Amino acid sequence: MVIGRSEHPDCVCAAGAGVTIKQHFGLAPRTSHMSSSMAPKELEQLTQKIRDQLEESIIGKVTQQLMLSFCQMQSQF
């Protein structure tokens, strides 16, 4: 592609016959979505903070639904 030809797309030109891109340049570095620079303790604290926030949110929504249901039942009687 660099020299404008696509006749041998899996070869590296000027590197010799049969040399593939991976052989010439090596494998691409593997990357993960989670940075390995985060310490396990920090990751655990962050996970716990997210759990706590989720729990508070769920409790708030359930409480709101229960109050709404209670008010509806009360108005029926």
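Here the gap between residue 50 and residue 68, fully extended at 0.36 nm per residue and compared with their Cα-Cα distance, gives a gain of 3.8 nm.
Among the protein heavy atoms, those of residue 25 account for about 150 Å² of accessible surface (1.4 Å probe, every chain in place).
The values are calculated or read from the model by the stated rules, or taken from the named source; none is laboratory data. The structure displayed is predicted, hence computed values, not measured ones. For accessibility, only protein heavy atoms count, side chains too; no ligands or nucleic acids. Shrake-Rupley method; radii C 1.70, N 1.55, O 1.52, S 1.80 Å.
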